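So the structure is just underneath, and the comments pick up after that.
Nothing in this text is a laboratory measurement; each read-out follows from the coordinates by a stated rule. Computed from a predicted structure; not experimentally measured.
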Amino acid sequence: MNIDAFLTAPLHIQIHALAAMGALGLGVVQFSAPKGTIPHRALGYVWVGLMLTVAGTAYFIRETNSGFSLLHLLIPVTVIGVVFLTLHARRGNVARHRTTALVLMIAALGIPGAATLIPGRLMHVVVFGG
């Protein structure tokens, strides 16, 4: 583990990674905790804030000085998904709310999170050293 690599990374990358890890952890809690309760709703708003932070900071993470990667396509997917997630919850459509949350957990956190562990990327260095 090499925490120094994380601490010397640009601030937007640190914020992005912390928000993503927080959203992933909180998402697991939300899926395992009782649904429809006041804590579930309150933590849901926190999760939405974390997801929007992840999407917003992702815009500033570039593989090159001018280019975007394929993972940047998940920025609008995340924002649109969060909007639909919220609409489904407010309308009481529990099945679609749950499905949207699961899709966001996998598509906006799981897949990009796994991609960060590819050798040569910052989180690979942080987790595995090097």
If you average the alpha carbon positions of the range 14-36 and of the range 73-130, how far apart do those two centres end up, in angstrom? 10 Å
Any helix of the chain counts here only if DSSP assigns it H throughout, its Cα atoms span 27 Å or more along the axis, and its mean Kyte-Doolittle hydropathy is at least -0.5, and such helices are 11-32, 38-58
Given an 8 Å cut-off on Cα distances and at least 6 residues of separation, report the relative contact order of the chain as a percent. 34 percent
